[in-house]
Amino acid sequence: MKDKLREAAIELFERKGFKETSVQEIVEAVGATKGAFYYYYKSKEELLSDICLSYMDDLLRQQERILEDAGASCTEKLWEIVYMVICNIRTRKKSARIFFREMRHLADGHLEEIRAKRRLFRKRYEQLIRDGMARGEFKASLNAEMITFGLLGITNWSYYWFQPDGSISERELTEIYVDFILHGIRTPDGTEMNKETDRPLN
């Protein structure tokens, strides 16, 4: 029943918003009573916290699996993490939207654990950048912390617009992002290129 309540809340919170969804609507969606709801959750806020924690726990498990691959380079691990986040848009899009959009409704007591998990995800990412710098895969002059925030911003915002069944696949979007992250958008020498031939204009 707890899983059913959480899944119903994900549907309603994503479609209507946390504040606009009532406990009554959640229990009606699964054919339960308010008594059943309060057996598992003290409040609607605790349910929102449960959704956010579940989302972060899943991301952390996937990230840890990628980072523990001793045979992969830092560049390969970076690609895999970006791909993982993009693939989650198909599988966890509603939870992600709730996480980014509705977490502001949580009081500090519920936010503390979520913030700690979010910070762990970011710090692991940052350490990957630092490892890549130390191994000569990434520029030694990088500000690893700022690069990490930039990476998170690029990938997290994709939850609001990316359609996995559209013209660009998850793998193609990952390639676009990682190429942009590693090489930028300017030609190596800054030469203006002919857009049709991809050759220098002069």
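A straight chain from His105 to Arg124 at 0.36 nm per residue would run longer than the Cα-Cα distance by 4.2 nm.
Leaving out ligands and nucleic acids, note down the accessible area per residue over the chain with a 1.4 angstrom probe, in whole Å². Each step should come with its number before you reach the end.
Details: 11880 Å² over 202 residues.
Each residue of the chain exposes 59 Å² on average to a 1.4 Å probe.
The residue among Gly132, Phe121, Ala144 whose Cα reaches farthest toward the positive pole of the charge dipole of the chain, with charges on the beta-carbon of Lys, Arg, Asp and Glu, is Phe121.
Summarise the accessible area of the range 1-157 (1.4 Å probe, protein heavy atoms) by the percent that is carbon and sulfur.
With neighbouring chains kept in place, the figure for the range 1-157 is 49 percent.
Remark: the range 49-202 is approximated by an ellipsoid whose semi-axes, taken from the C-alpha gyration tensor as √(5λ), come to 31, 20, 14 Å, largest first. When the pairs Lys16/Lys42; Lys4/Lys77; Lys2/Lys123 are compared against a 29 Å limit on Cα-Cα distance, Lys4/Lys77; Lys2/Lys123 fall above it. A 1.4 Å probe, protein heavy atoms only, puts the accessible area of Leu142 near 60 Å². Modelled this way, with points 7 Å down the Cα-to-C-beta line, the labels at Ile185 and Phe149 are 2.1 nm from one another.
The values are calculated or read from the model by the stated rules, or taken from the named source; none is laboratory data. As the structure is a prediction and not an experimental result, all values here were calculated from the model. FYI the Cβ positions are ideal-geometry reconstructions off the backbone, even for glycines, and counts take in every protein chain you see. For the accessible areas, the whole protein counts, side chains as well, though only heavy atoms, and no ligand, DNA or RNA atoms are used. Shrake-Rupley method; radii C 1.70, N 1.55, O 1.52, S 1.80 Å.
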